[in-house]
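The values are calculated or read from the model by the stated rules, or taken from the named source; none is laboratory data. Note that the structure is predicted; figures quoted are calculated from it, not measured. All Cβ positions, even for glycine, are placed from backbone atoms using ideal geometry, and neighbour counts span all protein chains on display. Side chains are part of the model used for accessible areas, which takes the heavy atoms of the whole protein and leaves out ligands, DNA and RNA. Shrake-Rupley method; radii C 1.70, N 1.55, O 1.52, S 1.80 Å.
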Amino acid sequence: MSAPVLRFAPSPNGHLHLGHAYSALLNQHIARELGGRFLVRIEDIDTVRCTDKLCADALEDLEWLGLEWDGPVRRQSEHLSAYTAALNELEQKGLLYRGYLTRSEIKQAIADKELATGTPWPRDPDGAPLYPGGSQEPAVTGRPFALRLNMQKALAQLADLVFWPETGVGPQGETGDVPAVPSEWGDVILARKDTPTSYHLSVVVDDALQGITHVVRGQDLFYATAVHRVLQQLLGLPCPTYQHHGLILDDDGRKLSKSARDTSLRELRADGVTARQIRTRLGFG
Ligand code: GLU
């Protein structure tokens with residue numbers, strides 16, 4: 001069996017908060033328990049929102065918290081060619097198409113379909129409506145498009161039933177070998193005009209490239225694992241073990257957000273809270 005490798009992979013489009021601190025500390029803790037390596041990866045493919053300053057601040061916050069990672073930090077924005085290569089592979093399998101519909105056209109198409117059928121249009125596990133266009137869309141010259149995965153065609157190419165080994169627990173109590181239902185996500189976007197990759201594609205490529213054996217991340221990404229499993233299978237990449245942990249909630253029971261300044265590590269630190277106090281509060285005292 002390959003040596004355990006874990007990673008904490010934030011997208012610094014805001015400052016890190018207590019939820020990130022928990023996930024990072026948990027990854028480091030498990031890596032140490034298993035005698036494995038702990039890596040940090042910056043998922044900054046959205047270079048507009050993930051500025052250099054926010055990326056630097058994230059690393060500084062992690063250091064302040066007392067985290068020690070192995071090897072250099074991988075910044076996704078510096079490795080776009082790796083994702084393009086994966087995209088080309090999918091293209092060669094005939095699994096991508098150009099989706100041209102704008103936001104308002106998507107809204108209109110869904111409203112029309114709902115009116116015609118009298119039934120609600122399907123939504124993905126995050127609550128977003130599935131893309132109403134498809135691989136038969138006519139090309140519109142000069143208009144930006146997104147590269148989408150033809151999910152039906154992709155699933156038809158997969159021989160094996162897709163599941164993932166879950167050592168944590170899903171939002172509905174799922175655990176063990178969880179059957180993936182990628183069709184729930186429809187034709188996911190794998191690249192856009194201004195960003196030549198997507199979260200789904202780059203996370204799968206990087207986990208494989210970095211030899212990640214255990215993915216430990218928040219429960220909010222639980223169902224997205226179905227999409228990751230499909231991409232892994234299509235690209236011939238190994239499947240790590242997954243552990244989705246519960247999210248740290250604020251005092252009102254809401255998920256923490258990067259805009260909620262009161263729980264940002266920076267804000268807490270400015271208020272005189274110590275790194276040790278945070279580690280203790282999160283159960284890593
Ligand atoms: N970058 C993602 C986020 O900050 C997490 C990716 C992952 O752990 O798979 O939500």
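Residues in the range 229-255 that are within 12 Å of the ligand (Cβ to nearest atom) and in contact (Cβ under 8 Å) with a residue 60 or more places away in the chain were compared, and the one that is surrounded by the fewest Cβ atoms within 10 Å (Cβ to Cβ) is Lys255.
Would a scan of the range 34-41 turn up a residue that is modelled with pLDDT of 95 or more, within 14 Å of the ligand (Cβ to nearest atom), within 30 Å of Asp194 (Cβ to Cβ) and in a loop (DSSP other than H, G, I, E, B)? I'd like the intermediate steps shown before the answer.
Of all residues in the range 34-41, those modelled with pLDDT of 95 or more come to 34-41.
Okay, now just the ones that are also within 14 Å of the ligand (Cβ to nearest atom), so 38-41.
Okay, now just the ones that are also within 30 Å of Asp194 (Cβ to Cβ), so 39-41.
Checking the rest, the ones that are also in a loop (DSSP other than H, G, I, E, B) come to none.
No, there is no match, as no residue in the range 34-41 is modelled with pLDDT of 95 or more, within 14 Å of the ligand (Cβ to nearest atom), within 30 Å of Asp194 (Cβ to Cβ) and in a loop (DSSP other than H, G, I, E, B).
Considering only the range 267-275, I want to know if a residue exists there that is open to solvent by 60 Å² or more (accessible area, probe 1.4 Å), away from the ligand (no atom under 14 Å from the Cβ) and in a helix (DSSP H, G or I). Within the range 267-275 (the criterion being open to solvent by 60 Å² or more (accessible area, probe 1.4 Å), away from the ligand (no atom under 14 Å from the Cβ) and in a helix (DSSP H, G or I)), the answer is yes, since at least one residue qualifies.
Filtering the range 202-211 to residues that are away from the ligand (no atom under 12 Å from the Cβ), in contact with a strand residue (DSSP E or B) (Cβ under 7 Å, 6 or more places away or on another chain) and assigned to a helix (DSSP H, G or I) leaves nothing.
Per-residue answers, yes or no, for (1) open to solvent by 60 Å² or more (accessible area, probe 1.4 Å); (2) in contact (Cβ under 8 Å) with a residue 24 or more places away in the chain; (3) more than 13 Å from the ligand (Cβ to nearest atom):
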position	(1), (2), (3)
Gln157	yes, yes, yes
Val169	yes, yes, yes
Thr175	yes, no, yes
Val188	no, yes, yes
Arg192	yes, yes, yes
Ser198	no, yes, no
Thr213	no, yes, yes
Gln219	no, yes, no
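Hey, can you tell me all the residues within the range 120-148 that are of a type outside the set (D, E, K, R) and open to solvent by 80 Å² or more (accessible area, probe 1.4 Å)? Don't jump to the end; show me each part of the working.
Within the range 120-148, the first condition is being of a type outside the set (D, E, K, R), and the residues that meet it are 120-122, 125, 127-136, 138-142, 144-147.
Of everything in the range 120-148, those that are of a type outside the set (D, E, K, R) and open to solvent by 80 Å² or more (accessible area, probe 1.4 Å) turn out to be Pro120, Gln136, Pro138, Ala139, Thr141, Gly142.
Of all residues in the range 12-54, which are hydrophobic (A, V, I, L, M, F, W, C), within 30 Å of Thr84 (Cα to Cα) and surrounded by fewer than 21 Cβ atoms within 10 Å (Cβ to Cβ)? Within the range 12-54, Val48, Leu54 qualify.
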